[in-house]
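The values are calculated or read from the model by the stated rules, or taken from the named source; none is laboratory data. Since the structure is predicted, the reported quantities are computational estimates derived from the model, not experimental observations. Don't worry about glycine lacking a Cβ; one is built from the backbone with ideal geometry, like all the others, and counts go over all protein chains shown. Keep in mind that these areas ignore ligands, DNA and RNA; they rest on the heavy atoms of the full protein, side chains included. Shrake-Rupley method; radii C 1.70, N 1.55, O 1.52, S 1.80 Å.
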Amino acid sequence: MSRRIIPILDQRTNAAVTPFTAISSTGLLLDSLQRPLRDLRISVTDRCNFRCIYCMPRSVFDQHYPYLPHSSLLTFEEITRTARLLVAHGVNKIRLTGGEPLLRKNLERLVAMLRALPTPDGLPLDITLTTNGALLAQKARLLKQAGLNRVTVSLDALDDEIFKRMNDADFSVAEVLHGLEVAHQEGLGPVKINMVVKKGVNDQQILPMARHFKGTPFTLRLIEYMDVGASNGWKMDEVVPSAEVINQLNASSADMQLIPQAANYPGETAQRWNYRDGSGEIGLISSVTQAFCQDCTRLRLSTEGKLYTCLFASQGYDVRTLLREQSDDSQLSSAMAQLWQQRGDRYSEIRHQQTGLAPKIEMSYIGG
Ligand code: SAM
Ligand code: SF4
Ligand code: SF4
């Protein structure tokens with residue numbers, strides 16, 4: 001068989017990531033800023049049953065929106081093959097996302113296939129899932145049995161009216177709370193709760209959310225509203241900086257005092273804070289006000305098989321063609337390795353120069 005390596009092509013520009021050389025899998029692959037490849041986020045669908053105003057506003061994602069046809073989606077076999085080669089290059093954590101990942105039929109089958117992948121150091125892969133929680137109660141047991149480690153559940157408010165205004169699809173807080181309770185009971189913990197804070201919309205819910213989850217097995221993480229995609233009409237003055245969130249909690253009462261914690265590992269997205277009274281922690285994800293690009297070890301695989309080296313990338317690199325053209329493993333593996341080696345993304349660090357200039361990919365397409 002020929003040892004020629006086929007370039008990964010960007011379908012829009014046909015720009016190849018050439019020149020190519022065979023790159024062997026050693027379990028350590030560094031990008032141009034010396035960041036190792038460690039995390040793979042896999043989007044399994046571009047569809048969602050919610051219409052969160054900051055992610056899939058109904059005015060854009062209506063019945064005319066051109067969702068991907070089923071034939072464009074990577075199959076579970078194609079996803080697993082891609083993941084297997086990336087694990088051999090050092091990926092040790094896989095997050096399934098979307099769109100709403102639980103809308104993808106038989107997702108537990110994919111989890112079981114990923115669970116069976118060998119790792120270079122023989123340690124088990126960390127496999128997690130981010131979900132809006134609506135279908136979690138009915139799927140949690142199957143996912144756990146298939147080998148899923150943990151789930152992160154998105155919940156933006158405790159007040160039903162505010163939550164419904166944010167998800168714009170009439171889902172109630174009670175449905176999500178039930179989902180995360182079942183996930184916890186099935187052993188998919190520690191369950192993390194993601195709350196995106198948008199000024200003037202749900203910032204008054206920060207304290208009720210923090211109080212609700214304080215002292216429980218659930219860890220709340222407050223996320224700065226980000227300028228992902230092009231459809232949410234993002235404005236900087238709608239962001240509540242994490243520093244303000246901390247001040248708000250510290251100023252609220254004696255039992256909400258927080259102390260910063262050291263990161264668990266390099267590249268951890270959330271800054272962790274512990275309650276001074278020992279009743280657990282909360283996390284702050286400050287991707288707008290405090291860039292964490294220097295430790296970013298994440299690669300994203302879109303629903304239709306494009307690799308993105310940054311959440312804010314405007315171009316992805318097509319691996320589906322390679323998967324479907326019967327390239328051998330070495331060709332595919334080397335092409336993906338080369339893409340990572342050339343990576344120099346650090347969008348959040350240079351956001352102030354970039355915002356609004358380049359077209360960006362939607363969060364619902366690429367996953368969080
Ligand atoms: N549907 C699933 C969910 O909502 O958990 C998974 C996909 S969703 C795109 C992943 C995460 O991205 C969610 O926690 C969501 O709140 C977050 N997200 C979406 N749009 C965002 C934005 N503009 N800024 C910050 N976080 C955002
Ligand atoms: Fe759907 Fe998640 Fe986006 Fe909300 S944040 S619209 S639940 S993909
Ligand atoms: Fe990683 Fe890009 Fe986010 Fe920076 S902006 S942390 S490089 S995904």
Does Ala183 satisfy being part of a helix (DSSP H, G or I) and small (Gly, Ala, Ser)?
-> yes
For residues that are in contact with a Pro (Cβ under 8 Å, 6 or more places away or on another chain) and at positive phi, tally how many sit in the stretch 165-223.
-> 1
Unique residue being within 16 Å of ligand 2 (Cβ to nearest atom) and aliphatic (A, V, I, L, M) when the list is Leu158, Leu142, Leu102 = Leu102
Would you tally the residues in the stretch 254-274 being open to solvent by less than 30 Å² (accessible area, probe 1.4 Å) and more than 19 Å from the chain's Cα centre (by Cα)?
-> 2
Would you confirm whether any residue within the stretch 225-240 is without any contact (Cβ under 8 Å) to a residue 40 or more places away in the chain and away from ligand 1 (no atom under 16 Å from the Cβ)?
-> no
Looking at (1) buried (at least 19 other Cβ atoms within 10 Å of the Cβ); (2) over 18 Å from the mean Cα position of the chain (by Cα), which is the one condition that is false for Val288?
-> (2)
Restricting the search to the stretch 164-196, which residues are buried (at least 17 other Cβ atoms within 10 Å of the Cβ) and in contact with a strand residue (DSSP E or B) (Cβ under 7 Å, 6 or more places away or on another chain)?
-> Val176, Gly179, Leu180, Ala183, Leu188, Val191, Lys192, Ile193, Asn194, Met195, Val196
Where in the stretch 217-332 are there strands (runs of 3 or more DSSP E), lying fully within it, with 1 or more residues that are more than 24 Å from Asp126 (Cβ to Cβ)?
-> 219-224, 258-260, 271-275
